[in-house]
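Let me begin by presenting the structure, written as structure tokens, before commenting on it.
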Amino acid sequence: MKLGINGMGRIGKLTVWHHVSRKHFDGLVVNIGREVGTSIHDIAHYLERDSTYGMLHSYLYGHRSGPVIRDVDEKTGTMLVDGIRITLLRSHRNPLEIGWKDHDVKLVVDTTGRFLDPTIPPDHPKGSVRGHFLSGADKVIVSAPFKIKDKGEKMPQDAITTVMGINHNSYDPKRHRIISHASCTTTCLAHMIKPIINHFGSKKFLSASMATVHAATGSQEVLDRLPESGKEDLRKNRSIMNNIILTTTGAARALALVIPEMGNIGLIAESVRIPTSTGSLIILVLNLQEDVSDEPIRKDLINGIYRQVADLDPNGYLHYTDKQNVSCDIIGIPTAAAIIEGHETHTRTAEVVIDLKTVPGLDRCVIDSLPDHRIRIPVTQVVIYGWYDNEMGSYAHLLGDRTVSIAENIG
């Protein structure tokens, strides 16, 4: 079975690395959609080395190994990468024109970040994720959250968002054709918040908020430049090399798709971009209602929850550590969706005083019958830190797991 990959940006390239290492597929067909450099040898040069993760052969076999790319052929548009045949397509950017059927590709991972609306028809002139089906694919995995432009449209029945280790079993091979793998931030956040929901139940959540301190992405500029026409966010056009940049994240919206209980909790999600190439951090703040009949919510309890889940996780998606880390320490750790930094977990309990007279909808007679119209509720604020390698370790490796699990159900 061959795997199709549309796009060879950051996630596309690391997806190639992952599957060359994993060797689940007999071959890879990568659509770049345009001519690159002066020849196919320039693509091999790009694939062989990476400014963040080093050389491909070192990733595969360690620092004593040698180059693994051979038989680079301009005429056939192919190369052999550690024994895996890779075919490169450089003609069409519109999914319906790629021609996956001509290359016996049934499963495609779209890493372009351009075709995120599953409601757009396959023959749309600007392209659509559904165009891959007209091109011959049976299933498409999108390496980003869905973005439906028409707010009046609902999510199609054949589309689903999943995160490995959270709701991956919600995928129905008979019904779903387009699968969003969400985002790196959503993936980390889901693995941070799911164990707490499972332990306490969603009803104990009074509020939740998060901020991700996120590495730079390709949507940002190296040097200041003017924004494109119609762009309202002026900050992403400022130099990422020199600035801490406030931006937005769709993690809250996507999280509710993979953890339905979050729809009852609500979540404020913010994002700050910093001048690093990868290695990001989520600071999760939860306000939980204490129950006097239960064990008090303290640091040891929270860390114990994560430690137990990490120990029992068969896939190793959740990691727990008592060590003191910096962002470089977590780069490249395989399948680490979230790495809980237990050293920095904090809790603080206080009483919240509520004047029942100010609560709308309460019967006045009920309030007057009480000896005191003020009630005191013990609330514990919990602060949890979770690291994630937003490119390789947390995202590309889990995307590979999702891809293989879907491939195993394709005839």
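Below is a table of values for the structure above.
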item: Qualifying lysines (Cα of each under 25 Å from Cα of residue 106; at least 8 residues distant if same chain); result: 2, 13, 23, 75, 126, 139, 147, 174
item: Reachable aspartates and glutamates, given that their alpha-carbon falls under 12 Å from the alpha-carbon of residue 194 and they are not under 8 places away in the same chain; result: 261
item: Length-normalised contact order for the range 2-156 - Cα pairs under 8 Å, 6+ apart - percent; result: 24
item: Net charge dipole size for the chain [Lys, Arg +1 and Asp, Glu -1 on Cβ; Debye, nearest 20]; result: 680
item: Protection proxy ranking, peptides 98-108, 44-54, 134-144, 218-228, average beta carbon neighbours within 10 Å, highest first; result: 134-144, 98-108, 44-54, 218-228
item: For the range 185-393, size of Cβ-based charge dipole, Lys and Arg +1, Asp and Glu -1, in debye; result: 360
item: Net charge, residue 300 excluded, C-beta distance under 13 Å - Lys, Arg +1, Asp, Glu -1; result: +1
item: Protection proxy ranking of 176-184, 193-201 - average other beta-carbon atoms within 10 Å, highest first; result: 176-184, 193-201
item: Dipole of the chain, positive end: most advanced residue of 186, 302, 173 [Cβ charges, Cα centre]; result: 173
item: Sum of side-chain charges, residue 284 neighbourhood, beta-carbon under 12 Å (Lys, Arg +1; Asp, Glu -1); result: -2
item: Taking N as its residue count, the alpha carbon Rg of the range 262-411 over 2.2 N^0.38 Å; result: 1.43
item: Peptides ranked, highest mean first, by Cβ atoms within 10 Å: ranges 14-23, 316-325; result: 14-23, 316-325
item: Listed values (i) 20.7, 68; (ii) 23.8, 88; (iii) 29.6, 91, entry calculated as Rg and Dmax of the Cα atoms in Å; result: (ii)
item: Other-chain or far-sequence residues with amide H under 5 Å of residue 163's (modelled H); result: 168
item: Antiparallel DSSP beta bridges within the range 167-301, percent to nearest 5; result: 60
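Any read-out appearing in this document is the output of simple, stated calculations on the displayed coordinates, not a laboratory observation. All values derive from a computational prediction rather than experimental measurement. Don't worry about glycine lacking a Cβ; one is built from the backbone with ideal geometry, like all the others, and counts go over all protein chains shown.
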